[in-house]
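Asks: Have a look at this one before I ask anything.
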Amino acid sequence: MRLTIHRGCKEIGGSCVELATDSTKIIIDVGLPLVDADREPFDRTAYRDKSLPELLKAKVAPPVPGLFMEGNRPNAILLSHAHLDHVGLLEHTPEDVPVYATAGTSKMMLAGGVFAGQKPLPRDRHQEITDRKTFEVGDIKVTPFSVDHSCYGAMAFLVEANGRKLLYSGDLRFHGRKPGMIKSLIKEVAPMKIDALVMEGTHFGSQRPARKTEYELEDDIVEHIRTAPGLVLASFSPIDVDRLVTYLKASMRTGRTFVVDAYTAFVMYLVHKEIKLPDPRSADCLRVYYNQSFQRRNNQKLQDMFARNRIELNEVLASPEQHVLCFRTSNLRLDFEGQLPEKLRVLYSYWSGYLEKPDWVDLQKHLADVGGDFIPAHTSGHIYVEDIIRFVEGIDAKSMFPIHTFEPDKFADYFPSVHCLNDSETITIG
């Protein structure tokens, strides 16, 4: 079995991995870059309508034979989860190559397609996979394992071929709402004597604050809401269902009504039966606000779906101390018309790198004008260094290959048998 990391050896995001035998080739993840050459947030909108040759020339797409350029096509594409740095180039892959992904990944891509200008997973290409249910592609056998990450439906993959076993970690963490997922993965996979581990290392080399669990973050958010003198705006990614649950529970604990936008309501609708969330069409603990961006889409089917539980912005503003409102920077111009209410508190639950973007800088200026405050309320979707050590030692693979990291060399400070590849370098496992 041959391993090629086409992109991700020395950067966070843009993941694309190939595993091949003499007769079969699979690709795991087909992501857009997360950052540019200066490690600034990558401007995806600038490349939204570009052709594949243009994306290759700009190095937005990696030069993978058979996938983005001439060559033998892969037999399958596997998606670990729905974040764009793992699926964002799927629309540029050959249409006759089947795509293996969870129902959760398909649902999150659908929501992104409806509300965020992204591309959904085509139904005619989708081969649904489930936790621990092994499937075969040619002479390669794959077993998916559910993992805890800041995106619903995330998976790690155990790949077996030619008598060798490789585990692709995908993106994962111990400190979310479901730490038992990874503990169970280690317990089941470690006895198999894994030959190779392709391991995400987002936090190696970074100066991150002390680790905080999703449950501890919920307690912090409860306090932020409880002490807020007026309306609380909650800014987070709807497909981070764990964070959605955190804000819902925090709102309920403080006696406030959680007001979601249609994007968040749609995500809740897609998954509420599977994970026992309130039905956003009728739940008493939340209401649905049709922001201007949604109303301009004129999607009558979705407007009718949540009409029973709809609330208007003037109702929220009439009793601001009773609500927590989902917020996006576009709401400042379209919904608040540049004038925020006084005594406002914004809770920010995204990567801190986005705060340098003009829309967030502008928001904080407007917030200062009305005497409001801005509070980062976040914990990472990626595994912390001490937990990477715990995971790697638990799996006890014969060799390890860093991915999704700016600092692959840091792995050698902690582990033996680390192989730091260059992008598109091929190595034979074993």
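The values are calculated or read from the model by the stated rules, or taken from the named source; none is laboratory data. Everything numeric here is computed off the predicted structure, so don't read it as measured data. Heads up, the Cβs are rebuilt from the backbone with ideal geometry, glycines too, and the neighbour counts pull from every protein chain shown. Surface accessibility is based on the protein's heavy atoms, side chains included, excluding ligands, DNA and RNA. Shrake-Rupley method; radii C 1.70, N 1.55, O 1.52, S 1.80 Å.
Asks: Rg and Dmax of the stretch 274-422 over Cα atoms: what are they, in angstrom?
Replies: Spelled out, the Cα radius of gyration and Dmax of the stretch 274-422 are 22.2, 62 Å.
Asks: On to the next question. Dipole magnitude of the stretch 282-346 about its Cα centre, charges +1 at Lys/Arg Cβ and -1 at Asp/Glu Cβ only, in debye to the nearest 20?
Replies: Details: 10 positive and 8 negative charges, 65 e Å.
Here the size comes out at about 320 debye.
Asks: Where both residues lie in the chain, what percent of DSSP beta bridges are antiparallel, nearest 5?
Replies: Working: 28 of 67 bridges.
Restricted to the chain, the bridges split so that about 40 percent are antiparallel.
Asks: If we restrict to alpha carbons, what Rg and Dmax does the stretch 61-168 come to, in Å?
Replies: 13.8, 44
Asks: Once amide H atoms are built 1.01 Å from N in the peptide plane, which residues 5 or more positions from GLY170, or in another chain, come under 5 Å H to H?
Replies: Here the answer is PHE157, GLU200, since their amide H atoms fall under 5 Å of that of GLY170.
Asks: Could you tell me whether the stretch 174-273 comes out rounded, prolate or oblate from its Cα gyration tensor? Rule is a ≥ b ≥ c as square roots of the eigenvalues, rounded for a/c under 1.5, then prolate if a/b exceeds b/c, otherwise oblate. Could you put the intermediate results ahead of the total?
Replies: On the way: a/c = 2.51, a/b = 1.83, b/c = 1.37.
Prolate is the answer for the stretch 174-273, as a/c is 1.5 or above and a/b outweighs b/c.
Asks: For the chain, what is the charge dipole size about the Cα centre, in debye to the nearest 20, if Lys and Arg each add +1 at the Cβ and Asp and Glu each add -1 at the Cβ? It would help to have the intermediate numbers written out before the result.
Replies: Working: 52 positive and 59 negative charges, 175 e Å.
The calculation lands at about 840 debye.
Asks: With labels modelled as points extended 7 Å from the Cα through the Cβ direction, what inter-label distance (nm, one decimal) is found for LYS249 paired with GLU95?
Replies: Distance between the two pseudo-spin positions: 4.4 nm.
Asks: Just the number please: accessible area per residue for the chain, 1.4 Å probe, all protein chains included, in Å². Don't skip to the end; give the middle numbers.
Replies: Working: 18390 Å² over 430 residues.
Per-residue accessible area for the chain comes out at 43 Å².
Asks: Determine the principal axes of the Cα atoms in the stretch 222-279, then give the extent along each, sorted from largest to smallest and rounded to whole angstroms.
Replies: 34, 18, 15
Asks: Percent of accessible area on the chain owned by carbon and sulfur, 1.4 Å probe? Write down the numbers at each step before the final one.
Replies: Details: 8440 of 18390 Å².
Using a 1.4 Å probe with all protein chains present, the chain comes out at 46 percent carbon and sulfur.
Asks: So which lysines can LYS249 reach, going by Cα to Cα under 24 Å and dropping same-chain residues fewer than 8 places off?
Replies: Partners within reach: LYS107, LYS178, LYS212, LYS273, LYS276, LYS343.
Asks: Once you order the gyration tensor axes a ≥ b ≥ c over the Cα atoms, which shape class does the stretch 224-321 get: rounded for a/c under 1.5, otherwise prolate or oblate by comparing a/b with b/c? Don't jump to the answer; show the numbers that get you there.
Replies: Details: a/c = 1.76, a/b = 1.19, b/c = 1.47.
Note, shape of the stretch 224-321 comes out oblate.
Asks: Moving on to the next point. Tabulate in residue order the Karplus-calculated ³J(HN,Hα) for the stretch 302-312, using 6.51 cos²θ - 1.76 cosθ + 1.60 with θ = phi - 60°, rounded to whole Hz; enter x for Gly and Pro.
Replies: Result, ordered by residue: 6, 4, 5, 4, 10, 4, 4, 10, 6, 9, 8 Hz.
Asks: Quick one: net charge around THR213, please, counting Lys, Arg +1 and Asp, Glu -1 for every other residue with C-beta under 12 Å from its C-beta.
Replies: Values: positive: ARG173, ARG177, LYS178, ARG211, LYS212; negative: ASP148, GLU214, GLU216, GLU218, ASP219, ASP220, ASP242, ASP387.
Surrounding charge for THR213 is -3.
Asks: Using every Cα-Cα pair within the stretch 1-94, state what percent have a distance larger than 18 Å.
Replies: In whole percent, the share of Cα-Cα pairs in the stretch 1-94 beyond 18 Å is 40.
Asks: If you don't mind, there's one more thing I want to ask. Could you give the angle, 0 to 90 degrees to the nearest 10, between helix 262-275's Cα long axis and the longest principal axis of the Cα atoms of the chain?
Replies: The helix 262-275 is inclined about 60 degrees to the chain.
Asks: Whose amide H sits under 5 Å from the amide H of ASP261, counting only residues 5 or more places off or on another chain, with H placed in the peptide plane?
Replies: Under 5 Å from the amide H of ASP261: TYR289, CYS326.
Asks: Around ASP373, under 11 Å between beta carbons, what's the net of Lys plus Arg minus Asp minus Glu among the other residues?
Replies: Details: positive: LYS343, ARG345; negative: none.
Every neighbour counted, the sum reads +2.
Asks: What is the angle, in °, between the Cα long axis of helix 214-226 and the longest principal axis of the Cα atoms in the chain? Nearest 10 is fine, range 0 to 90.
Replies: Result, in degrees: 10.
Asks: Give me log10 I(q)/I(0) at q = 0.08, 0.11 Å⁻¹ for the chain, Debye formula, one equal scatterer per alpha-carbon, no solvent.
Replies: So the normalised log intensities work out to -0.45, -0.85.
Asks: Using only the alpha-carbon atoms, how far is helix 180-189 inclined from the longest principal axis of the chain? Give it as 0 to 90 degrees, nearest 10.
Replies: It works out to around 10 degrees.
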